[in-house]
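The values are calculated or read from the model by the stated rules, or taken from the named source; none is laboratory data. It should be emphasised that the depicted structure is a prediction, and the values quoted were computed from it without experimental measurement. Don't worry about glycine lacking a Cβ; one is built from the backbone with ideal geometry, like all the others, and counts go over all protein chains shown.
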Amino acid sequence: MTPPFELGHWHPILLDRDLGSRPKRVTLHGQDLVVFRTSTGLGALDDTCPHRRARLSDGRVVADRLVCPYHGFRFDKAGLGESPGTPTVRAACRSWQVALAWDAIWVRLDLGAQALHDLTPDASPTHKAPPLPTLGRPGFRHIGTLVHDVAAPLEPLVDNFCEVEHTPTTHALFGYREDALATLDVRWSADDTTVRVQNRGPQKPIPALVSRLFGVRGGDTFIDDWVVHFSPVHIVYDQGWEHPETGAPIADAVHLGVFFVPIDRDETRLVTVLFSNRAPSRLPGVDALVQQILRGIVDREVRLDQRQVERLADPSPDLRGTRLGRFDAPLREHRKRIDRLYRGRPA
Ligand SMILES: [Fe+2]
């Protein structure tokens with residue numbers, strides 16, 4: 001059986017620091033897999049022993065082999081297994097490609113050229129494996145990666161992260177002043193594989209302490225500029241501020257990538273990779289503290305989005321019957337690209 005097209009994209013599924021010496025089970029699109037550490041790197045296999053279907057994630061790693069908890073079958077990173085009781089029996093477990101980037105463990109299934117061709121007849125049968133997504137910006141440092149599991153399907157969660165109309169009501173510090181929403185400058189454009197949105201308007205009020213720390217004040221011009229990509233589904237944001245009268249840029253700016261990782265139909269893991277352009281302080285400990293505050297601010301704002309999206313009366317991806325406004329124009333564009341580029345359904 002051909003595996004789902006979605007599994008061919010690179011997905012960040014786990015923070016590296018959350019994987020110890022014991023194997024760990026993760027779920028992607030309803031498919032359980034086991035991730036484990038060996039002396040030569042990370043391995044990821046389907047979480048079912050091909051012998052008698054025990055969960056390999058209940059096992060342990062011995063001499064760089066993942067050992068099944070039931071009858072002790074031993075598997076290497078490529079999924080090749082042998083039986084201690086019947087040495088002539090060989091068993092193979094499907095293995096996943098694994099990568100480590102921005103503190104996260106990424107996996108993808110090699111669907112093979114033929115599988116991709118079956119699903120997307122227009123695609124070349126020599127389709128190459130997608131590269132890891134590109135993140136980062138000159139002058140910006142990676143300062144943390146956050147994970148939030150949201151009890152909502154992919155589309156309504158992406159919808160939330162693709163408009164700023166909810167920022168006055170839903171967010172604490174992040175976003176625009178409520179009285180400026182109607183006149184906010186919002187532009188969007190789309191090409192074959194991406195959708196870009198640029199927003200410009202007055203920043204909502206910020207407590208004095210945060211203003212002092214980051215130099216951004218309520219009423220400064222906030223520019224939220226993002227691009228939505230679809231292999232995997234993720235958004236790359238550039239967020240900065242300008243002085244409202246002079247237009248002079250304010251030093252602190254933020255660059256982030258938000259990845260949408262479907263655990264199953266009803267739950268989506270959000271992985272947020274955060275970058276800052278703030279120069280490291282010479283005072284010991286200050287840098288770590290400022291980074292911690294920034295991560296804390298982002299964590300809180302994402303949790304506010306999470307709370308709102310989890311409380312939708314209807315989390316269906318279907319847009320029929322909704323009453324969309326000027327901020328929602330890209331929603332249909334996302335749907336089309338999620339279907340074609342992420343799910344591999346011909347247009
Ligand atoms: Fe939000």
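A few points about this structure:
- Within the stretch 64-92, the residues that satisfy the criterion of being touching a strand residue (DSSP E or B) at 6+ places or on another chain (Cβ under 8 Å) and farther than 25 Å from ASP110 by Cα are PRO69, SER83, PRO84, VAL89.
- Residue within the stretch 134-152 that is modelled with pLDDT of 95 or more, within 16 Å of the ligand (Cβ to nearest atom) and over 13 Å from the mean Cα position of the chain (by Cα) present: yes
- Where a residue in the stretch 182-211 is part of a strand (DSSP E or B) and its partner, wherever it lies, is aromatic (Phe, Trp, Tyr), with Cβ under 6 Å and at least six apart: VAL197/TRP188; VAL197/TRP226; GLY201/TYR176; GLN203/PHE222
- Where a residue in the stretch 246-263 is in contact (Cβ under 8 Å) with a residue 12 or more places away in the chain and its partner, wherever it lies, is small (Gly, Ala, Ser) and surrounded by 17 or more Cβ atoms within 10 Å (Cβ to Cβ), with Cβ under 6 Å and at least six apart: ALA253/GLY240
- Close contacts from the stretch 290-305, counting a first residue that is over 20 Å from ARG141 (Cα atoms) and a second that is more than 13 Å from the ligand (Cβ to nearest atom), with Cβ to Cβ under 9 Å and a gap of 6+ residues or different chains, come to VAL302/LEU146.
- Cβ pairs under 8 Å, 6+ apart, first in the stretch 321-347 and among the aromatic types (Phe, Trp, Tyr), second crowded, with 16+ Cβ neighbours inside 10 Å and part of a loop (DSSP other than H, G, I, E, B): PHE327/GLU163; PHE327/VAL164; PHE327/GLU165; TYR342/HIS9; TYR342/SER231; TYR342/PRO232
- Residue within the stretch 259-266 that is away from the ligand (no atom under 16 Å from the Cβ) and in a helix (DSSP H, G or I) present: no
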